[in-house]
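The values are calculated or read from the model by the stated rules, or taken from the named source; none is laboratory data. Here the structure is a predicted model, which means the values were calculated and not measured. Using ideal geometry, Cβ is built from the backbone for each residue, glycine included, and neighbour counts are taken over all protein chains shown. These area figures cover heavy atoms from the full protein model, side chains too; ligands, DNA and RNA do not enter into them. Shrake-Rupley method; radii C 1.70, N 1.55, O 1.52, S 1.80 Å.
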Amino acid sequence: MKDRFQREIDYMRISVTENCNLWCHYCRPKSGSCTGSEILSYAEILRLCRIFIRLGIHKYKITGGEPLVRPGILEFLEQIKNLPGISQVTLTTNGTLLGDSARQLAQTGIDGVNVSVDSLDSETYANITGKDCLNDVLNGIRAAKEEGLLVKINKVILPDEEMEDIWPFFEFMRKSGIPVRMIEKMPLGSSQYVEPKLTGDRILRELEQKGWHMKPVSQSLGNGPASYYKAAGIRGYLGLIEAVHHNFCKDCNRVRLLSDGSLKTCLYEPPRLNMKNLLLEGLSQDELLEKARTEIFCKPPSHHFLEKPSSEEMYRIGG
Ligand code: SAM
């Protein structure tokens, strides 16, 4: 469907849990609660998806918290993937549990896995995530590749990071052929916006100086607002997502369903409609569809991250 600004909304991120087995300091501060309100059951999510599909939303990303910690997730992935009208289901995970689940995950038929890895140095990784488990993640990525899953790496660029934090990702991409997407950290929850030392332009410049001649790729290689680059002779590609600096809102194609049932039509704005409450009130499929359609139609025009951080933490939203 199109919203009031004629943006085609065809992509939804569904968070299946706020729980996570990592404590990335910029995403889920230790003080943050991770239980609380009752969450949507898988059956409820599937029922809502049938409605969203009727609205033209056909690409889905399953997220969290950490989706692989929720019991029954693999069966759910298979069910959502098999819903008529869905063109793509992908998963975003911290990769810590991927080693054990890669085979079953591949059998669900999902279209790809994004693995969030913020450092390829074990100590730095443990400092960022609160857990010394980089090897588990790397083994998980290997297992997922071996099972034939399409894998991409997501790395958030933290404000104080320098190129020495970034080079290992290019070496990793060169050796493995796995695409790497660098994402600008957004000011959410308690964190104010801090100008990062590394911008997309600077990364491209530094790469050029090192002999990596990155050429822009014209076609979109994902669902998000990334700019993509490739270097001759390298199998992987680089994605740059400058969510704060380059305001992509005019082309935003996404909405979010949070684990408590909130329908969030803008990453920045608090949700106004709770689909779980509507289900509990006993609304029919058609009534639910009209409520969702109206809410999505009114999707806000733009974020205001540079003026004020959003009050929600990312572990609730799901990225
Ligand atoms: N646990 C899963 C994972 O690690 O991919 C899914 C949830 S996690 C919230 C989704 C993504 O959001 C991760 O790549 C994480 O790094 C990113 N993220 C968290 N806080 C962020 C922020 N403030 N700005 C940009 N990305 C953020």
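One table, with the values for the structure above:
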{"quantity": "Sole residue being on the phi > 0 side of the Ramachandran plot and not hydroxyl-bearing (Ser, Thr, Tyr), chosen from Gly85, Gly99", "calculated": "Gly85"}
{"quantity": "Pairs, first at pLDDT 95 or above in segment 166-181, second in a helix (DSSP H, G or I), C-beta under 6 Å, six or more apart", "calculated": "Val180/Phe169; Val180/Met173"}
{"quantity": "Hits in segment 111-142 - residues which are in contact with a Leu (Cβ under 6 Å, 6 or more places away or on another chain) and part of a helix (DSSP H, G or I)", "calculated": "Ser122, Tyr125, Thr129, Gly140"}
{"quantity": "Residue under evaluation Arg103, criteria (1) under 17 Å from Cys27 (Cα atoms); (2) in contact with an Asp or Glu (Cβ under 9 Å, 6 or more places away or on another chain); (3) basic (Lys, Arg), criterion not met", "calculated": "(1)"}
{"quantity": "Residue among Pro271, Pro300 that alone is in contact with a Lys or Arg (Cβ under 8 Å, 6 or more places away or on another chain) and either in a helix (DSSP H, G or I) or under 22 Å from Arg4 (Cβ atoms) (or both)", "calculated": "Pro271"}
{"quantity": "Unique residue being in contact (Cβ under 8 Å) with a residue 24 or more places away in the chain, basic (Lys, Arg) and open to solvent by less than 10 Å² (accessible area, probe 1.4 Å) when the list is Lys145, Lys155", "calculated": "Lys155"}
{"quantity": "Single match in Asn274, Asn223 (criterion: under 16 Å from the mean Cα position of the chain (by Cα) and surrounded by fewer than 19 Cβ atoms within 10 Å (Cβ to Cβ))", "calculated": "Asn223"}
